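These notes concern the structure reproduced below.
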Amino acid sequence: VAGFYRQVLDGIAALPGVRSAVAVTALPYSRHGGAVPVTIEGRQPEPGKQPTAQVQRVTAGYFQNLRVPLRAGRLPADGDGPAAPRIAVVSESMARRWWPDGRAIGKRLLVSAGAWMQIVGVVGDVEHSVIDRSLAPTVYVPFTQSPERQMDIAIRTAGDPRTLAPAVRATVRAVDPEQPITNLNTMTNLIEQ
């Protein structure tokens, strides 16, 4: 799975007019993704109030591509592979909620039934819906440590992104002609929809 996305992203990034190509579980305004239970080390949840967060698997460069600012610590990098210690980056709203003292870096959390992850960074909040403008607590994990089969690909271009659609389709098909490509769209159209 990781190899497939690496080949696709490398191929798309090499296309003329492409500035960067990254993958994420659910792009903002994509109308998919959801919250899952999160265990905060050292915190006992109140009865009936299990913490939840959106969990986003991201490839290196995701935050730069979508211009999400780093507030503290560091971002996931290519070196955060499957053999490296498990890490996570959390959104500002999550850091404020669970670590109001501003000390989220170095803390640990558990997503669903996965492995404990150490928080290495805090990033700005991302609005995911124009209807629900609440900023959902979000945990970002390196794609290389937790590959997901269905990902959204974000491509930043120098010009009109719609002109790249045929080349993007051809790039994916060159890696695996059986893979479905759905909802090839611009961010502007996603927001308008």
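Each residue of region 20-26 was assigned a 3J(HN,Hα) from its phi angle through the Karplus expression (A = 6.51, B = -1.76, C = 1.60, θ = phi - 60°), giving 7, 9, 9, 10, 8, 4, 8 Hz with x at Gly and Pro.
Amide H to amide H, with H built 1.01 Å from N, Arg74 comes under 5 Å of Gly121, Val122, counting only residues 5 or more places away or on other chains. For the chain, the longest principal axis of the Cα atoms and the long axis of helix 2-13 meet at an angle of about 50 degrees. Of all DSSP beta bridges confined to region 36-180, the antiparallel ones make up roughly 55%.
Region 1-47 and region 77-92 have Cα centres spaced 12 Å apart. For region 63-193, the convex hull spanned by the alpha carbon atoms encloses 147 Å³ per residue. Angle, helix 165-175 long axis vs. longest principal axis of the chain, Cα atoms, 0 to 90°, nearest 10? In the chain, helix 165-175 runs at an angle near 80 degrees to the longest axis.
Calculated mean residue ellipticity at 222 nm for the chain: -5500 deg cm²/dmol, from DSSP H runs with n ≥ 4 weighted as -39500 (n - 2.57), summed, divided by the residue count and rounded to 500.
By the compact-protein rule of thumb, 2.2 N^0.38 Å, the alpha-carbon radius of gyration of region 1-115 corresponds to a ratio of 1.20. Our coupling estimate for region 42-53, obtained by passing each phi through the Karplus curve with A = 6.51, B = -1.76, C = 1.60 and θ = phi - 60°, is x, 10, 9, x, 5, x, x, 10, 4, x, 10, 7 Hz, Gly and Pro reported as x.
FRET efficiency for the Gln193 to Arg19 pair, using the beta carbon distance and R₀ = 35 Å, is estimated at 0.90.
Within the accessible surface of region 18-103, defined with a 1.4 Å probe on protein heavy atoms only, the carbon and sulfur portion equals 49 percent.
Once all protein chains are placed together, Lys49 keeps about 130 Å² accessible to a 1.4 angstrom probe.
Build a GNM of the chain with springs between Cα atoms under 10 Å apart, and of Gly48, Gly17, Gly34 the one that fluctuates most is Gly48. Using every pair of distinct Cα positions in region 10-74, the Kirkwood expression returns a hydrodynamic radius of 14.8 angstrom. Note that the chain presents 55 Å² accessible area per residue, ligands and nucleic acids not counted, probe 1.4 Å.
The values are calculated or read from the model by the stated rules, or taken from the named source; none is laboratory data. Since this is a predicted model, take the numbers as computed values, not measurements. Every residue, glycine as well, gets a Cβ built from its backbone with ideal geometry; the counts of neighbours run over all protein chains shown. Just the protein is used for accessible areas: all its heavy atoms, side chains included, with ligands, DNA and RNA removed. Shrake-Rupley method; radii C 1.70, N 1.55, O 1.52, S 1.80 Å.
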